[in-house]
2 protein chains.
Amino acid sequence: MYRTHTCGALRPKNINETVTLSGWVQKSRDLGGMTFIDIRDRYGITQLTFNMETNPVLCEKARQLGREDVVQVRGHVIERSSKNPNMPTGEVEVTVSQLTVLNKSKLPPFTIEDETDGGEEIRMKFRYLDLRRNPLKNNLILRHKLAIETRKYLDNLDFIEIETPYLIKSTPEGARDFIVPSRMHPGEFYALPQSPQTFKQLLMVSGYDRYFQIVRCFRDEDLRADRQPEFTQIDCEMSFVEREDILTMFEGLTKHLFKSLINITLDDFPHMLYDDAIRLYGSDKPDIRFGMQFVELNQVLQNSGFKVFDEAELVVGINVPGASNYSRKQLDQLIDFVKRPQVGAKGLVWVKYNEDGSIKSSVDKFYTPEQLKSCFEIAKGKPGDLLLIMAGETNSTRNALNVLRLEMGDRLELRKKNEFAPLWVIDFPLLEWDEEHQRFHAMHHPFTSPSGNTIEELNDNPSAIKANAYDLVINGIELGGGSIRIHDRTLQEKMFELLGFSQEEAESQFGFLMGAFEYGAPPHGGIAFGLDRVAAVLSGEESIRDFIAFPKNNAGRDVMIDTPSAIAEEQLTELKLKHDKN
Amino acid sequence: MYRTHTCGALRPKNINETVTLSGWVQKSRDLGGMTFIDIRDRYGITQLTFNMETNPVLCEKARQLGREDVVQVRGHVIERSSKNPNMPTGEVEVTVSQLTVLNKSKLPPFTIEDETDGGEEIRMKFRYLDLRRNPLKNNLILRHKLAIETRKYLDNLDFIEIETPYLIKSTPEGARDFIVPSRMHPGEFYALPQSPQTFKQLLMVSGYDRYFQIVRCFRDEDLRADRQPEFTQIDCEMSFVEREDILTMFEGLTKHLFKSLINITLDDFPHMLYDDAIRLYGSDKPDIRFGMQFVELNQVLQNSGFKVFDEAELVVGINVPGASNYSRKQLDQLIDFVKRPQVGAKGLVWVKYNEDGSIKSSVDKFYTPEQLKSCFEIAKGKPGDLLLIMAGETNSTRNALNVLRLEMGDRLELRKKNEFAPLWVIDFPLLEWDEEHQRFHAMHHPFTSPSGNTIEELNDNPSAIKANAYDLVINGIELGGGSIRIHDRTLQEKMFELLGFSQEEAESQFGFLMGAFEYGAPPHGGIAFGLDRVAAVLSGEESIRDFIAFPKNNAGRDVMIDTPSAIAEEQLTELKLKHDKN
């Protein structure tokens, strides 16, 4: 037996017991005649003592140990003379009588501490060592608990977890598929699922009523900073439901997760129309932990001779409370900030409403103080505030002001890590017009139901149609999204037509689903959450990477195992494939 | 709101309530002035009544409904005049006042009943309809509960579920990998995991101590009757453990699953040496619900002039209790049975120990009754029994007699569906010699630890070495298997050498794991269960296919969605791949 207790288990009640522990050498200190070694496992750290006077051979052996060596010790639990109240085992220590080195360790390339000295690259290469550090360990434990609590909650409400296949069919709609060549059917391919969308809909047709699955999804996209080619979804679907049924159910799940995992009680989630989110925050995932809603100023500021505003489609600002004392340097920084290519604005107009009631702005020569003051009135600003205004084409201006608003939220420390502001964004547009390809795309996906429209209305003005779709947003981060689905063959066919599918294409790619709709498909809808994302938000973190045990880097590569990599020529031959080097 | 209750909810306490139900039309009966319709959902069936006298329009509408139409009804709960004690809702019915057809159904291609009239092929094509039938629904619900109970049990014992990647590296050892071309790195490939073996070992190196994962695994093998290219494992690993720790832990899990899911209390599992299993049952997964152990009869039956026995490497028999009254025709059937190509035996010798104490056999001219009677003594047979004897090369003879033993178990109805006989088979050989390629294969996998042997012993006689590996077998079916792993770089290198890897090959394929062993790898071991298999065994079923929502057929094809299938030429071009039709 390798151990009687873990390294986190011993307490004063164990004093005088003889115990066996196994673990890793965390650190060791030689203090005159004594050697102290901290031994670590997943559960904690226990202090071991070796006495040079009473057992010099053993003590000498202990002094040879290096960081991360794996050892087994047998010894006697005693009360510590200098207790450590910061450690659960801090009231005791173990006087060792037997020491076995189970496995030596080379010196790790970085320190296994909460704050390590290792850079990103070396830590990815030695991920198995990075995973020993507490921050990553705590992330993976939180993720595990998140999955457990999700399953418990949904199981209690009669949801059934059903596994759907990973070897499915490639469908060009949406993102790019990873494909898997079939050896038994050369020239044919499986694809890895971007989500189990069609399968969960089929399960509704099968009558399973309440389905969920914590499931891996795959997208072969060029990776942005925080994207992974494989990621995990909490995927859910319900039958005989309307939008409110889904929102209520999954608001319940979200509240349960926040309460059970981080002891945060969330209030009821407000609903915000997509159009309002765009108009007031310039984003379909607004961070509503703080105000600074957009105010549109075309009426007040156009036609006063300031060409930038006069020619703009939209003049829009945010009132930054208490920032009228921003220095010239700080304001210039903000202007530089919005001019960065990532934001892409041409400039920024600022207006100070000084504490003494006077107005000072970067456009004083175009506007009277009264004009500018009326902007503050519209924005509900007061003396001491700063108005930041941008202008130009509507969408890009809103996008840029959204970035600036979040930046101001950060600067004013209004985006608090331990504060959570959830909301439902509803009534998304059904379709997006793609200028480049002169066609519509489904904003959510082609299975999303239009919101109360008839097939005839779809024809008349497709771009005005709202989808019965919804997103759950917390702190400016989209945690999940879903929709009520189409369950009628004719409407689904119409939708594919709008998206530019020929009848043959629709039939060959989604004929199975439309066929299923003819055999008694119930009204249904669902939602999917990004599990990695939920775990990160619960921890107040932005990046999902350290909530995934073995993530890929931005080039889609696992540098630890070195994949993707070349394969044996015979493997390609068996698949009747050739690498085409041109 | 689509419903106030499910179709399985109504009870006498609901009498006089006005309710709304939604579901599928299961069947309808017109009885004079009344129409009765059974409406079905996942939760049950409720009887609806329509009265031609009081509401002829509605009743007429109800009479138009077809099987599997999706309807919503509003009505009044009343007590049934003729109650149905076989249905939970059988004491009430709903007098309908409002009927909405939510979706019409075409006539299904087969009946949605427990015993359907649909053949295998049509049911696979319309899997979403087959999944409506109770037997499949119950299978998927059992599978869900199995996963929930597994997670609950392991979570309570400090196991953490950690997700490992699906896009990993191809390693030619073992079965064939499915590969996934990388677009970002043309000419390079990911592979889908055959199991998370190396990742779970790395998690042990990382100190996670107790890991599990319910995880999909992939093998591109030519499919036998009951194999699937993707299947689900309950994958587990523990640190600082010896074999007994693992067996105790997972015997506990197995007992918990049987108790909580089908209310069966299992006794402690016996351990059987691999060598004994082969010697006594001709199989490494013996069905020990019944006896008929092999008895070796070389000593008694050789050198009496019967050439078939005299020239055989092994003469071995089973005593079939109470079968001495088998007719000549029945015995000939058995002989035909073992001669089938699937069994491949050349023949079968039978010896009857008649109730009157006399002996009759197919080899009476070679042996005295005393000789034959002594065989029964060795086999612990008695008057009324039948001895069946086979002879030849040891392995093939054992294989054939194993098949015959199971057949006799079936014929004598000794393999009872509701009886469960688990056992651990231990001490497997470490290596198998592959005559064709003149090399060793790892019997379990290359990470399996030899059983107490030194590196030197590995050199001397590799094929005699036992592995520290174990299988859990129930009723002749292997539910899971595992081993204590190698955690030392030198031993792992030696193992790869024995398996014919060059140092470069070992390094390029498994260098990351051997590297990890140098940074404090703890002793560790684990096990993996086939989840699909466990679900089938719990249900007393042989085939796993109907425990998978959307399985592939024997050609690896999903005929419902029609995959694998051709992909767009551009997809291949992007991957810089070409289909090589030669």
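A few comments on the model shown:
- In the range B:541-551, the residue that is nearest to A:R176 (Cα to Cα) out of those that are more than 7 Å from every other protein chain (Cβ to nearest Cβ) and not small (G, A, S) is B:P551.
- Subset tally (residues that are under 28 Å from A:R133 (Cα atoms), of a type in the set (A, V, I, L, M, F, W, C) and in contact with a strand residue (DSSP E or B) (Cβ under 8 Å, 6 or more places away or on another chain)) for the range A:28-58: 7
- Unique residue being buried (at least 17 other Cβ atoms within 10 Å of the Cβ), in a strand (DSSP E or B) and of a type in the set (A, V, I, L, M) when the list is B:V241, B:V180: B:V180
- Complete set of residues in the range B:559-582 that are facing chain A (nearest Cβ under 7 Å) and of a type in the set (D, E): B:D562, B:D580
- Of all residues in the range A:295-336, those satisfying the criterion of being crowded, with 18+ Cβ neighbours inside 10 Å and in a helix (DSSP H, G or I) are A:V300, A:L301, A:F309, A:L334.
- Residue under evaluation A:P193, criteria (1) within 25 Å of B:I162 (Cα to Cα); (2) open to solvent by 10 Å² or more (accessible area, probe 1.4 Å); (3) more than 7 Å from every other protein chain (Cβ to nearest Cβ); (4) without any contact (Cβ under 8 Å) to a residue 60 or more places away in the chain, criterion not met: (2)
- Condition met for A:S463 (of a type in the set (S, T, Y) and touching a His at 6+ places or on another chain (Cβ under 9 Å)): no
- Enumeration of residues in the range A:556-582 that are of a type outside the set (V, I, T), touching a residue at least 60 places away in the same chain (Cβ under 8 Å) and open to solvent by 40 Å² or more (accessible area, probe 1.4 Å): A:E574, A:K576
- Candidate set: the range A:374-400, residues that are β-branched (V, I, T) and either open to solvent by 10 Å² or more (accessible area, probe 1.4 Å) or not assigned by TED's automatic domain parsing to the domain that holds A:S304 (or both); chosen: the one farthest from A:F337 (Cα to Cα): A:I378
- Residues that are closer than 30 Å to B:G540 by Cβ and among the aromatic types (F, W, Y) occur in the range B:320-330; there is at least one.
- Considering only residues in the range A:167-177 that are facing chain B (nearest Cβ under 7 Å) and open to solvent by 10 Å² or more (accessible area, probe 1.4 Å), the one that is modelled with the lowest pLDDT turns out to be A:P172.
- For the range B:252-311, filtering for residues that are in the same structural domain as B:G347 (by TED's automatic domain parsing), of a type in the set (V, I, T) and touching a helix residue (DSSP H, G or I) at 6+ places or on another chain (Cβ under 6 Å) leaves 2.
- Among the residues of the range B:502-513, those identified as touching an Asp or Glu at 6+ places or on another chain (Cβ under 9 Å) and crowded, with 19+ Cβ neighbours inside 10 Å are B:A506, B:Q509, B:F510, B:F512.
- Scanning the range B:72-94 for residues that are closer than 28 Å to A:R210 by Cβ and under 38 Å from the mean Cα position of the chain (by Cα) yields a count of 6.
- Qualifying residue in the range A:427-449 (condition: open to solvent by less than 30 Å² (accessible area, probe 1.4 Å) and without any contact (Cβ under 8 Å) to a residue 24 or more places away in the chain): yes
- Against the test of being touching a strand residue (DSSP E or B) at 6+ places or on another chain (Cβ under 8 Å) and either more than 8 Å from chain A (Cβ to nearest Cβ) or within 30 Å of A:E569 (Cα to Cα) (or both), the options B:F258, B:F231, B:F240 yield a single qualifying residue, B:F231.
- Look at (1) more than 13 Å from chain B (Cβ to nearest Cβ); (2) within 26 Å of A:S239 (Cα to Cα); (3) surrounded by fewer than 21 Cβ atoms within 10 Å (Cβ to Cβ) and you find that A:F529 fails only one, number (3).
- Qualifying positions in the range B:9-27 - assigned to a strand (DSSP E or B) and under 17 Å from B:S82 (Cβ atoms): B:K27
- Residue in the range A:36-43 that is open to solvent by less than 50 Å² (accessible area, probe 1.4 Å), touching a Lys or Arg at 6+ places or on another chain (Cβ under 7 Å) and in a strand (DSSP E or B) present: yes
- Residue in the range B:75-96 that is polar (S, T, N, Q) and touching a residue at least 60 places away in the same chain (Cβ under 8 Å) present: yes
- B:R132 vs. criteria facing another protein chain (nearest Cβ under 7 Å), open to solvent by less than 30 Å² (accessible area, probe 1.4 Å), charged (D, E, K, R) and in a loop (DSSP other than H, G, I, E, B): yes
- Here B:G481 does not qualify as open to solvent by 10 Å² or more (accessible area, probe 1.4 Å), free of Cβ contacts under 8 Å to residues at least 24 places away in the same chain and not in a helix (DSSP H, G or I).
- The residue list B:G33, B:G23 contains one member that is of a type outside the set (A, V, I, L, M, F, W, C) and farther than 29 Å from A:L491 by Cβ, which is B:G33.
- In the condition set (1) more than 7 Å from chain B (Cβ to nearest Cβ); (2) more than 18 Å from the chain's Cα centre (by Cα); (3) open to solvent by less than 50 Å² (accessible area, probe 1.4 Å); (4) in contact (Cβ under 8 Å) with a residue 60 or more places away in the chain, A:Y153 is compliant with all but (3).
- The range B:1-35 - residue that is among the hydroxyl-bearing types (S, T, Y), crowded, with 17+ Cβ neighbours inside 10 Å and farther than 26 Å from A:I484 by Cα and, of those, farthest from the other protein chains (Cβ to nearest Cβ): B:T35
- Scanning the range A:338-373 for residues that are open to solvent by 30 Å² or more (accessible area, probe 1.4 Å) and either in contact with a His (Cβ under 9 Å, 6 or more places away or on another chain) or part of a helix (DSSP H, G or I) (or both) yields A:K339, A:P369, A:E370, A:Q371, A:K373.
- Top-ranked residue in the range A:70-102 [being among the hydroxyl-bearing types (S, T, Y) and over 14 Å from A:Q26 (Cβ atoms); ranked as farthest from the other protein chains (Cβ to nearest Cβ)]: A:S81
- Complete set of residues in the range B:196-219 that are without any contact (Cβ under 8 Å) to a residue 60 or more places away in the chain and more than 23 Å from B:A147 (Cα to Cα): B:S206
The values are calculated or read from the model by the stated rules, or taken from the named source; none is laboratory data. Everything numeric here is computed off the predicted structure, so don't read it as measured data. A quick note on method: Cβ atoms are made from the backbone with ideal geometry, for glycine too, and the neighbour counts reach across all protein chains shown. When the accessible area is computed, the model is the full protein with side chains, heavy atoms only, and any ligands, DNA or RNA have been set aside. Shrake-Rupley method; radii C 1.70, N 1.55, O 1.52, S 1.80 Å.
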